[in-house]
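Structure first, then comments.
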Amino acid sequence: MSSVTSAHPLAVPFLIGGRFEVSTSDRRGDVFNPSTGRVQALVPFCTPAEIDRAVRCAADALPAWSEAPAVDRARVMFRFRELMSARFEELAALVTREHGKTLAEARAEVQRGMEMIEFSCGIPSLLMGQALENIATDVDCETSRHPVGVCAGITPFNFPLMVPLWMFPVAIACGNTFVLKPSEKVPLSALKLGDLLTEAGLPPGVFNIVHGDKTAVDALLTHPLVRAISFVGSTGVARHVYETGTAHGKRVQAAGGAKNHLIIMPDADLEQAVKALQASAFGCAGERCMAGSVAVPVGGIGDELVERLCRAGKAMKVGPTDGGADVDMGPLVSRAHRDRVATYLDVARGEGAEVALDGRAFDLPSTGFRLGPSVVDRVRPSMRLAREEIFGPVLSVVRTGDLEEALAIGRQCEYGNGASIFTRGGWAARAFKRRFNAGMIGINVGVPAPMAWFPFTGWNKSFFGDLHIQGVEGVHFYTQQKMTMTRWFRAATESHADPIWKTGKV
């Protein structure tokens with residue numbers, strides 16, 4: 001990658017067959033540094049011919065790679081992990097420069113991504129099948145797992161390094177080949193991952209990267225050689241990916257948007273709860289599908305909770321993050337996205353809510369795409385702020401009288417990614433755990449995002465598909481089972497009657 005980018009410093013290359021190439025497309029997009037607002041690179045929107053070539057390159061590499069011993073595939077992942085460890089700070093700085101999150105948040109992203117690689121290093125034990133001897137007289141039965149083929153990943157802007165690592169390490173370790181289309185807003189981290197994979201000894205064509213917008217997405221969704229699609233993004237696009245991909249005979253897992261609720265019981269440790277809410281709502285500038293976006297105080301604690309949240313939000317330092325600046329929250333990914341998030345504060349006032357902390361009132365530099373943390377009180381469940389995914393540092397407060405009312409708010413939500421409760425009481429925690437309408441539950445945990453060994457179990461319109469990302473479900477998504485039944489005869493005179501399909505009385 002370095003030779004291409006030095007010769008063409010503004011042209012982001014794509015990766016095909018182990019080589020970085022410059023696209024011939026005349027359609028391009030800007031890659032900003034969100035801290036400065038300046039364009040740092042131009043990403044090409046690959047032509048249909050280039051996308052087709054990447055898929056066919058992956059298909060050509062598939063026979064040899066799928067037959068490589070699972071242990072050898074895992075060893076590539078071990079080397080890949082060591083290379084990432086050696087370049088840890090470089091990778092974190094790159095994430096900060098193209099996305100805008102703080103350096104501490106970028107380091108956490110790199111660490112969580114590396115955990116997925118570590119998980120993939122153990123793939124040989126997860127590919128083991130089951131066997132039962134003498135399932136019928138002299139008949140043995142066993143299952144084995146096999147790769148599904150060419151897989152594609154379509155990833156969002158908010159975690160440019162971690163989300164791709166949710167997908168391709170497991171897919172590749174399982175014996176598949178892969179085509180990644182990262183968000184056109186943040187392609188640089190993905191390219192660095194491709195660079196390190198090549199350095200780790202991954203054979204050419206096993207991992208490829210293409211760039212583009214909806215045209216590129218649809219090209220992958222409809223390509224006859226692509227067997228499986230993994231997607232993370234908004235709900236509208238997730239539904240399109242699922243419906244289009246499955247209509248073309250592909251296996252699809254599509255993670256969509258969210259509206260995550262944070263319930264605060266009257267007996268909660270408010271100091272700890274506010275710290276958790278602050279990190280959940282304003283961490284990564286609210287640009288994550290597990291961000292807490294609706295605080296639900298129960299009983300009479302609403303006034304004190306809002307006062308504490310506003311005090312904590314006002315104390316946050318918001319500023320540029322590139323260069324390792326010491327700030328609590330960085331910019332949003334683009335000017336358009338920052339402006340869209342800010343409009344919700346006007347929507348709140350228009351619907352009768354109270355903007356207790358306005359992120360637009362912060363003293364912020366004029367450069368970059370910054371917005372301070374916001375707290376909106378007295379939001380009703382019917383309001384847009386309670387229903388729509390904002391994807392920014394805006395925390396809505398919906399006051400409730402009791403736990404039953406809080407649980408009912410969850411049932412009304414069309415999403416179902418995550419939810420948390422803050423309480424000292426086991427009964428309330430157990431009721432919340434069992435009954436809240438979401439797939440990932442936190443008890444005194446602000447962001448209940450699972451680690452690599454557990455599945456990312458969104459519900460409702462937060463996920464489309466059957467097998468979730470991460471964990472053993474991820475392994476099952478990227479593999480297909482084969483059942484083999486074996487019978488050997490001792491002599492030619494032995495009865496050839498089928499010992500399994502018995503026609504007589506048992």
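The values are calculated or read from the model by the stated rules, or taken from the named source; none is laboratory data. Here the structure is a predicted model, which means the values were calculated and not measured. Cβ atoms come from the backbone with ideal geometry, glycine included; neighbour counts cover every protein chain shown. Note: accessible area is taken over every heavy atom of the protein model, side chains too, but ligands, DNA and RNA are not part of it. Shrake-Rupley method; radii C 1.70, N 1.55, O 1.52, S 1.80 Å.
Hey, among 459, 427, 453, which residue is within 24 Å of residue 389 (Cβ to Cβ) and open to solvent by 30 Å² or more (accessible area, probe 1.4 Å)? Can you show your working first?
Numbers: 427 fails: within 24 Å of residue 389 (Cβ to Cβ); 453 fails: within 24 Å of residue 389 (Cβ to Cβ).
Going through 459, 427, 453 in turn, just one is within 24 Å of residue 389 (Cβ to Cβ) and open to solvent by 30 Å² or more (accessible area, probe 1.4 Å): 459.
Criterion applied to 323, 302, 233, 249 was being more than 21 Å from the chain's Cα centre (by Cα) and within 30 Å of residue 59 (Cβ to Cβ), and the one residue passing it is 249.
Answer with yes or no whether residue 141 is open to solvent by 10 Å² or more (accessible area, probe 1.4 Å), in contact with a Leu (Cβ under 6 Å, 6 or more places away or on another chain) and hydrophobic (A, V, I, L, M, F, W, C).
Taking the combined requirement at face value, the residue satisfies it.
Residues 200, 173, 136, 152: which one is hydrophobic (A, V, I, L, M, F, W, C) and at pLDDT below 95? Exactly one residue qualifies, and that residue is 136.
So that you can scan it fast, the table gives a plain yes or no per residue for (1) more than 26 Å from residue 438 (Cβ to Cβ); (2) open to solvent by less than 20 Å² (accessible area, probe 1.4 Å); (3) at pLDDT 95 or above; (4) part of a loop (DSSP other than H, G, I, E, B):
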position: 261; (1), (2), (3), (4): no, yes, yes, no
position: 275; (1), (2), (3), (4): no, no, yes, no
position: 280; (1), (2), (3), (4): no, yes, yes, no
position: 283; (1), (2), (3), (4): no, yes, yes, no
position: 296; (1), (2), (3), (4): no, yes, yes, no
position: 323; (1), (2), (3), (4): yes, no, no, yes
position: 326; (1), (2), (3), (4): yes, no, no, yes
position: 356; (1), (2), (3), (4): no, no, yes, no
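Apart from one condition, residue 494 fits all of (1) open to solvent by less than 50 Å² (accessible area, probe 1.4 Å); (2) more than 23 Å from residue 285 (Cα to Cα); (3) at pLDDT 95 or above; the exception is (3).
Scanning segment 149-183 for residues that are open to solvent by less than 10 Å² (accessible area, probe 1.4 Å) and either aliphatic (A, V, I, L, M) or without any contact (Cβ under 8 Å) to a residue 12 or more places away in the chain (or both) yields a total of 13.
Quick one: in segment 215-230, which of the residues that are open to solvent by less than 10 Å² (accessible area, probe 1.4 Å) and assigned to a strand (DSSP E or B) is nearest to residue 188 (Cα to Cα)?
My answer is 230.
Out of all the residues in segment 439-457, which are over 24 Å from residue 265 (Cα atoms) and either small (Gly, Ala, Ser) or without any contact (Cβ under 8 Å) to a residue 12 or more places away in the chain (or both)? Once the filter is applied, which keeps residues that are over 24 Å from residue 265 (Cα atoms) and either small (Gly, Ala, Ser) or without any contact (Cβ under 8 Å) to a residue 12 or more places away in the chain (or both), segment 439-457 yields only 452. Filtered by the rule that a residue be within 17 Å of residue 171 (Cα to Cα) and outside any loop (DSSP other than H, G, I, E, B), segment 197-214 gives 197, 198, 207, 208, 209. Test residue 305 against the stated conditions and say whether it is under 17 Å from residue 400 (Cα atoms) and open to solvent by less than 40 Å² (accessible area, probe 1.4 Å). So residue 305 fits the description; yes. Counting only helices (runs of 4 or more DSSP H) that fall entirely inside segment 1-104 and contain at least 1 residues that are free of Cβ contacts under 8 Å to residues at least 60 places away in the same chain, in contact with a Cys (Cβ under 8 Å, 6 or more places away or on another chain) and buried (at least 18 other Cβ atoms within 10 Å of the Cβ), the qualifying elements are 70-86.
How many residues does segment 368-414 contain that are more than 29 Å from the chain's Cα centre (by Cα), assigned to a loop (DSSP other than H, G, I, E, B) and not charged (D, E, K, R)? So that I can check it myself, show each step before the final result.
At the first step, the residues of segment 368-414 found to be more than 29 Å from the chain's Cα centre (by Cα) are 377-378, 380, 399-405.
Next, only the ones that are assigned to a loop (DSSP other than H, G, I, E, B) stay: 378, 380, 399, 401-402.
Still in the list and also not charged (D, E, K, R): 401.
Total meeting the criteria: 1.
Taking the stated definitions as given, is residue 374 open to solvent by less than 70 Å² (accessible area, probe 1.4 Å) and polar (S, T, N, Q)? So residue 374 passes the test. In segment 463-491, the residue that is most open to solvent (accessible area, probe 1.4 Å) out of those that are among the polar types (S, T, N, Q), closer than 30 Å to residue 439 by Cβ and assigned to a strand (DSSP E or B) is 481.
Taken together, 246, 235 contain a single residue that is β-branched (Val, Ile, Thr), free of Cβ contacts under 8 Å to residues at least 12 places away in the same chain and open to solvent by 10 Å² or more (accessible area, probe 1.4 Å), which is 246.
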